[in-house]
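The structure appears below as structure tokens.
No lab work stands behind these numbers, since they all come straight from the coordinates. The structure displayed is predicted, hence computed values, not measured ones. Note that each Cβ is placed from the backbone with ideal geometry, even for glycine, and that neighbours are counted across all protein chains shown.
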Amino acid sequence: MKKTHVRIAALLALVGIFVTSAQVTVAQQNVVIAYQAAPEWANTKEVMDKFQQATGIRVPIDNKNSGQALTQLLAERNNPQADIGFNHGITFAIKGAADGLYAPYKPKHWADVPSDLKDPDGLWFTIYTGTIGFAVNKEALGAGVPVPRSWDDLLKPIYRGKIGILDPSSAFVGYVACAAANLAHGGTLDNWDPGVAYLKKLFDNAPMTPKQTSYARVVKGEIPIMIDYDFNAYRMRYDDKVDVEWVVPKEGTITVPYVAYLVKGAARVDNGKKFLDFLLDDPGQAAFARGFVRPVRPSAMDAQTQAKFLPASEYARARAVDYRKMADAMTGFQNRYLKEVAR
């Protein structure tokens, strides 16, 4: 009797092992681990939900920022936990590729991504962009004060004390704004003299230089003109219902990519590839656009969403740059800014 009980117990344990293993296998098949799957950013929650509806594969929330994601990938190099990363800032993505953290993959619609917005070997590719310009709270600007249309307009005395730019010595968006102004005035990523000369004049107009995001201050009217990304201005206008106009300066500006990639050694590589395909496919691109970022495939936007963005003719003044060189030049520029411009 006892032997029978032992045999039954052993059989049940064996069945339990098979059941547990099957459950683990099913769980692995139905998930993809994506670093920076932050639901509040760029309408990412809708992107993840639509992917799960289409494929049955779940994407758990992950609120890391680009720097944190890169640090985690480096720590996990020999035992990767993530399958893909997305919503990743371009400078961090370039560093991750140089550190050998990504595997090459060219997803569906690869050919639609402009060559200067992807790694030629498929180590990363842009899913949407942000463009630097002016977010102008017209009510806070004051009656009779025109909306500035150019970088040089910001130098006019009428805008004294009304301009905001995030501290370029600590905030990447502030650095990008300075790079855009430099290029607009004839500078290059190797020659910052025109940009430094421009910034000296701008600082004569007493701009505010907060170190952290000033979204709420623009909404409240404390900063009437903020040099910022287009998606923040659109969100202020359409979500917060503030009379904010976004302006592409007439001398030109810079477009900044946000990218995705496949992690080298990913445990769920097939699921990761499916999600990367989805990010560039029409449903994923359209969902990003509803979060006010400009999808790398603008044709995927529906007409109602497209109408909320400035026309393509305005965006024609926004340019891509050598993002690796821009990243490499950042420290040198920041040192010049602190020595020659900051007050």
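Pairs spanning more than 26 Å between alpha-carbon atoms, out of LYS64/LYS201; LYS162/LYS200; LYS64/LYS274; LYS50/LYS211; LYS64/LYS118; LYS64/LYS211: LYS64/LYS201; LYS50/LYS211. For LYS264, the amide hydrogen comes within under 5 Å of the amide hydrogens of TYR102, ALA103, counting only partners 5 or more places away or on other chains and with H modelled in the peptide plane. Under a 5 Å amide H cut-off, with hydrogens placed 1.01 Å from N, PHE86 pairs with TYR35 among residues at least 5 apart or on other chains. Using Cβ point charges alone (K and R +1, D and E -1), the dipole size of the chain about the Cα centre works out to roughly 820 debye. In order along segment 119-135, the Karplus-derived 3J(HN,Hα) couplings, from 6.51 cos²θ - 1.76 cosθ + 1.60 at θ = phi - 60°, round to 6, x, 8, x, 6, 7, 8, 6, 10, 7, 10, x, 10, 7, x, 10, 8 Hz, and Gly and Pro are given as x. Summing charges over neighbours of VAL173, with a neighbour being any other residue whose Cβ is under 15 Å away from its Cβ, gives 0 when K and R count +1 and D and E count -1. Between the alpha-carbon centres of segment 289-311 and segment 27-78 there is a gap of 23 Å. Summing Lys and Arg as +1 and Asp and Glu as -1 over all other residues whose Cβ lies under 15 Å from the Cβ of PRO194 gives a net charge of -2. The 3J(HN,Hα) values that the Karplus relation (6.51, -1.76, 1.60; θ = phi - 60°) gives for segment 186-196 are, in residue order, x, x, 9, 6, 9, 10, 9, 4, x, x, 5 Hz. Gly and Pro appear as x.
The charge dipole of segment 233-343, taken about the Cα centre with unit charges on the Cβ atoms of Lys, Arg (+1) and Asp, Glu (-1), comes to about 360 debye, rounded to the nearest 20.
Distant-in-sequence amide contacts of ILE127, defined by a placed amide H-H separation under 5 Å and a gap of 5 or more residues or a different chain, comprise TYR258, VAL259, ALA260. Derived scalar couplings between HN and Hα for segment 306-318 equal 4, 5, 7, 8, 4, x, 4, 4, 6, 5, 4, 7, 9 Hz in order, rounded to whole Hz, by the Karplus curve 6.51 cos²θ - 1.76 cosθ + 1.60 (θ = phi - 60°), x for Gly and Pro.
Projecting the Cα atoms of MET236, ALA316, LEU262 onto the charge dipole of the chain, computed from C-beta unit charges around the Cα centre, puts LEU262 farthest toward the positive end.
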